[in-house]
Amino acid sequence: MAHHKSALKRIRSDEKKRERNRYQHKTARNAVRKLRDCTDAKEASSMLPLVSAMLDKLAKRNILHKNKASNLKSSLTKHVSSL
């Protein structure tokens, strides 16, 4: 158990950050899943920039590795262009 005020505050702030990161990561995963399941080319092409922006933000904040974000964006772009 932490005894210093700063350590207790760090525990509280880390928990908040962890919850926020989990929420954003899960939201992005669901968006990627929804885009992969999409069969309508017009809808998919309109969703692609939004999902790409989500992945870029996660990579910028180190929630997702930048190469993984890049690979996901690439595969999603190929999927949308094949529709």
Worksheet item: Which residue pairs have Cβ atoms under 6 Å apart, sit 6 or more places apart or on different chains, and have a first residue in the range 20-35 that is within 15 Å of LEU48 (Cβ to Cβ) and touching a residue at least 60 places away in the same chain (Cβ under 8 Å) and a second that is among the basic types (Lys, Arg) and part of a helix (DSSP H, G or I)?
Response: none
Practice prompt. Only residues that are surrounded by 13 or more Cβ atoms within 10 Å (Cβ to Cβ), polar (S, T, N, Q) and under 10 Å from the mean Cα position of the chain (by Cα): list them for the range 30-52, please.
Written response: SER52
Worksheet entry | Check on THR39, in a helix (DSSP H, G or I), without any contact (Cβ under 8 Å) to a residue 60 or more places away in the chain, closer than 21 Å to VAL80 by Cα and of a type in the set (Val, Ile, Thr) | no
Worksheet entry | Selected residue [crowded, with 17+ Cβ neighbours inside 10 Å, of a type outside the set (Asp, Glu), within 11 Å of the chain's Cα centre (by Cα) and part of a loop (DSSP other than H, G, I, E, B)] from LEU72, LEU55, LEU64 | LEU64
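FYI, it's all coordinate maths here, none of it is from the lab. Values in this document were obtained by computation on a predicted structure and should not be read as measured data. Heads up, the Cβs are rebuilt from the backbone with ideal geometry, glycines too, and the neighbour counts pull from every protein chain shown.
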